[in-house]
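Since the structure comes first, as structure tokens, the remarks are kept for the end.
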Amino acid sequence: EMEFKKGLPVRMTVGSVTATAPLEIFLLANEVAGRNGVGRIDIVENRFVGIKSRGIYETPGGTLIRAAHLDLEGVTMDREVKRISETLSLEFSRLCYNGFWFAPEMELVRHTLDFAQRNVDGVVTLELYKGNVTILGRTSPKSLYSADLASMDVEDGGNVGFDYQPADSQGFIRINSVRLKMYSMMKEKLGESK
């Protein structure tokens, strides 16, 4: 089980062992995930100078923490904030890899990602087995998920506190399908298959 506050791991419990300091959490995650074969990758990457290089990396703890963190983001982050954060995460990685930790653009990215993490609080329960990380569940006081709202069977949005009708999505679906219908008609007109 792993707990996060503002996107940072603050507690990890494995059986009777609990870690709360950042280094302790990472070392415990490394030990448990490594024992289960989690976190090894073999990649070809692009170096800053334009050379491709092959790297074999092992980061069992990082893989475990990342899996739990991404799952919690899924229930606590707004869809568009998540989309923008994913784009900025790639930029963060590029800047780190190329050695620009102290650059002003990195400062901008870090502050933006910190802001995006402000609601990523909660607990994720995981299971490790033969190189796999399986999320068993998650809870968060800042969850944006509502089973009633997600249901197509519950009228009035259930108990979320605002009016939402599942039928409202029909117009949205029709509007968003216009471009797909036009694309299909164009392909048919040109004799291309659907």
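Give Leu108, Leu126 a once-over and let me know the one that is open to solvent by 60 Å² or more (accessible area, probe 1.4 Å) and not in a loop (DSSP other than H, G, I, E, B). Break it down into steps so the answer makes sense when it comes.
Values: Leu126 fails: open to solvent by 60 Å² or more (accessible area, probe 1.4 Å).
When all the criteria are applied, what remains is Leu108.
Pull up region 60-105, narrow it to residues that are aromatic (Phe, Trp, Tyr) and in a helix (DSSP H, G or I), then point me to the one that is surrounded by the fewest Cβ atoms within 10 Å (Cβ to Cβ). Write out each step before concluding.
Of all residues in region 60-105, those aromatic (Phe, Trp, Tyr) come to 92, 97, 100-102.
Now narrow it down to the ones that are in a helix (DSSP H, G or I): 92, 97.
Working: Phe92: 17, Tyr97: 12.
If we take residues in region 60-105 being aromatic (Phe, Trp, Tyr) and in a helix (DSSP H, G or I), then Tyr97 is surrounded by the fewest Cβ atoms within 10 Å (Cβ to Cβ).
Do we find that Ser169 is over 30 Å from Arg40 (Cβ atoms), of a type in the set (Gly, Ala, Ser), surrounded by 10 or more Cβ atoms within 10 Å (Cβ to Cβ) and in contact with a helix residue (DSSP H, G or I) (Cβ under 8 Å, 6 or more places away or on another chain) in this structure? Spell out how you get there, then give the answer.
Working: over 30 Å from Arg40 (Cβ atoms): yes; of a type in the set (Gly, Ala, Ser): yes; surrounded by 10 or more Cβ atoms within 10 Å (Cβ to Cβ): yes; in contact with a helix residue (DSSP H, G or I) (Cβ under 8 Å, 6 or more places away or on another chain): no.
Criteria not met by Ser169.
Please enumerate the residues belonging to region 36-66 that are in contact with a helix residue (DSSP H, G or I) (Cβ under 9 Å, 6 or more places away or on another chain) and under 18 Å from Arg138 (Cβ atoms).
The answer is Thr63, Leu64, Ile65.
Among the residues of region 8-23, how many are surrounded by fewer than 17 Cβ atoms within 10 Å (Cβ to Cβ) and either in contact with a strand residue (DSSP E or B) (Cβ under 6 Å, 6 or more places away or on another chain) or over 24 Å from Arg110 (Cβ atoms) (or both)?
Kept after step one, since they are surrounded by fewer than 17 Cβ atoms within 10 Å (Cβ to Cβ), are these residues of region 8-23: 8, 10-11, 13-18, 20-23.
With the extra rule that they be either in contact with a strand residue (DSSP E or B) (Cβ under 6 Å, 6 or more places away or on another chain) or over 24 Å from Arg110 (Cβ atoms) (or both), the set shrinks to 10-11, 13-18, 20.
Residues meeting the conditions: 9.
I need every pair where a residue in region 88-111 that is closer than 15 Å to Arg47 by Cβ and modelled with pLDDT under 95 has its Cβ under 6 Å from the Cβ of a residue that is exposed (fewer than 14 other Cβ atoms within 10 Å of the Cβ) and of a type outside the set (S, T, N, Q), sequence separation at least 6 or different chains.
Close Cβ pairs (under 6 Å, with a partner that is exposed (fewer than 14 other Cβ atoms within 10 Å of the Cβ) and of a type outside the set (S, T, N, Q)) amount to Asn98/Phe48.
The values are calculated or read from the model by the stated rules, or taken from the named source; none is laboratory data. Treat the numbers as computed from the prediction; the structure is a model and nothing was measured. Counting neighbours? That spans all protein chains shown, and the Cβs are built from the backbone with ideal geometry, glycine included. To get the accessible areas, we keep the full protein, side chains included, count just its heavy atoms, and leave off ligands, DNA and RNA. Shrake-Rupley method; radii C 1.70, N 1.55, O 1.52, S 1.80 Å.
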